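Working notes for the structure below.
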Amino acid sequence: MYDAAAWLERRYSKILLLTNSGSGVSGDPLVMAEDLSKYIDDTKTSKFSMGLITSKLKSPLANVVAKHGNVVELRGRDRAKPSLDYSEIGIMGDIFELGSLLLLSMMTEAIFRNLEAGDIVRLCDEEFEKLGPMVDSIAASDVYKRLIDDLEKRTSVFLGGKGTASEIVKMTAIRLFHIKSTLGDNVYIARGVNTPAPRVGDLEILISFSGETKSVVAWCETLKKMNGTILSITGKKKSTLSDKSDLHISLEEEEKAGQPRRFYMRAAFVLSPLPVKLVERLGQKGLALPEYILHWHHSLTE
């Protein structure tokens, strides 16, 4: 970051380093912030500023960022011994990750719409009013129940999407992996470097706003040939992907060229209950997950 800062300063008049870390001790963000802080101190430049979203206001990263910008506290991450009630805390501390995803999405929308900073909270409130009923309805649907039925089986799970959708499937994959791995199963990202060919009966979760992304449709067709089950999440009720899928969730949204979409954020919220529902199902069958899994924290979104 120290070397890159000089090049950035020559090219841009204002530069913001925005970081997202629930713990405030995440390795890469902390190193980048420290490097940039040193560059600012050495050169006395005024072109750089920093921002941080965190649950720990008293942390190494928060201390560095506060010297050169602003720190926003987003509660939802607790280092205390967690409860065994997954339905309350989520899986792998996803309350913070989902909260920061919503906040950043609404910040992007506010910038696009040229709104004031205070309008971001209003946008968040408006979206929460939509997200709650949406997630509750989908999580209680027959589609979700059938999805949990397949997750309960001894199958590998493949998740795929392109662009922004690929980041959403990564969030879901890491949470599902910690549950499925206890059953001896694997979770893969489609076309990942270690992704094997699917087997007969495997499960695939695909995300595409249009439902027409060629590579995503091709992944669907490949698994269909293996008698696998495909769940697709699209922003269109009817599409090539939805027609070829066994299970489908539609998160319809009006498409406007160049405007930020809420579809991907909503897909992340809709998929978040999957591990929780799977744990509940396994518990009903008498299989309790090891308590140590609750203590694992990842740095995917940090």
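Key figures for this structure:
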quantity: Single match in 96, 128 (criterion: surrounded by 18 or more Cβ atoms within 10 Å (Cβ to Cβ), out of contact with any Phe, Trp or Tyr (no Cβ under 7 Å at 6 or more places or on another chain), within 26 Å of residue 261 (Cα to Cα) and modelled with pLDDT under 95); calculated: 96
quantity: Selection within segment 186-214 - open to solvent by 10 Å² or more (accessible area, probe 1.4 Å), more than 21 Å from residue 255 (Cα to Cα), modelled with pLDDT of 85 or more and more than 20 Å from the chain's Cα centre (by Cα); calculated: 200, 201
quantity: Residues (in contact with a strand residue (DSSP E or B) (Cβ under 9 Å, 6 or more places away or on another chain), over 15 Å from residue 138 (Cα atoms) and open to solvent by 40 Å² or more (accessible area, probe 1.4 Å)) located in segment 241-280; calculated: 244, 246, 264
quantity: First in segment 138-160 and within 19 Å of residue 287 (Cα to Cα), second anywhere and surrounded by fewer than 17 Cβ atoms within 10 Å (Cβ to Cβ) and of a type in the set (Lys, Arg), Cβ under 6 Å, 6 or more apart; calculated: 148/281; 152/281
quantity: Of all residues making up segment 231-240, the number that are touching a strand residue (DSSP E or B) at 6+ places or on another chain (Cβ under 8 Å) and surrounded by fewer than 22 Cβ atoms within 10 Å (Cβ to Cβ); calculated: 3
quantity: Failed item, numbered, when residue 163 is tested on (1) within 16 Å of the chain's Cα centre (by Cα); (2) at pLDDT below 90; calculated: (2)
quantity: Test for residue 162: is it over 17 Å from residue 232 (Cβ atoms) and not aromatic (Phe, Trp, Tyr); calculated: no
quantity: Residue list for segment 44-77, restricted to those being free of Cβ contacts under 8 Å to residues at least 24 places away in the same chain and either touching a Lys or Arg at 6+ places or on another chain (Cβ under 8 Å) or among the polar types (S, T, N, Q) (or both); calculated: 46, 63, 70
quantity: Residues located in segment 20-38, provided they are touching a Ser or Thr at 6+ places or on another chain (Cβ under 8 Å) and open to solvent by less than 20 Å² (accessible area, probe 1.4 Å); calculated: 21, 22, 23, 24, 26, 29, 33
quantity: Filter pass, residue 179 being at pLDDT below 90, under 25 Å from residue 276 (Cβ atoms) and not acidic (Asp, Glu); calculated: yes
quantity: Subset tally (residues that are part of a helix (DSSP H, G or I) and surrounded by 18 or more Cβ atoms within 10 Å (Cβ to Cβ)) for segment 45-65; calculated: 4
quantity: Any hit, segment 163-182, residues being open to solvent by 50 Å² or more (accessible area, probe 1.4 Å) and more than 24 Å from residue 249 (Cα to Cα); calculated: yes
quantity: Pairs where the first residue, in segment 112-129, is at positive phi and part of a helix (DSSP H, G or I) and the second is at pLDDT below 95 and open to solvent by 80 Å² or more (accessible area, probe 1.4 Å), C-beta under 7 Å, 6+ apart; calculated: none
quantity: Members of segment 1-19 found to be open to solvent by less than 80 Å² (accessible area, probe 1.4 Å) and either within 21 Å of residue 103 (Cα to Cα) or among the hydrophobic types (A, V, I, L, M, F, W, C) (or both), listed by number; calculated: 1, 4, 5, 6, 8, 15, 17, 19
quantity: Matching entry among 39, 2 (being at pLDDT below 95 and among the aromatic types (Phe, Trp, Tyr)); calculated: 2
quantity: Qualifying residue in segment 284-300 (condition: open to solvent by 40 Å² or more (accessible area, probe 1.4 Å), under 19 Å from the mean Cα position of the chain (by Cα) and at pLDDT 85 or above); calculated: no
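The values are calculated or read from the model by the stated rules, or taken from the named source; none is laboratory data. Predicted, not measured: the structure shown is a model, and the values here were computed from it. A quick note on method: Cβ atoms are made from the backbone with ideal geometry, for glycine too, and the neighbour counts reach across all protein chains shown. Only protein heavy atoms, including side chains, enter the accessible area calculation; ligands, DNA and RNA are left aside. Shrake-Rupley method; radii C 1.70, N 1.55, O 1.52, S 1.80 Å.
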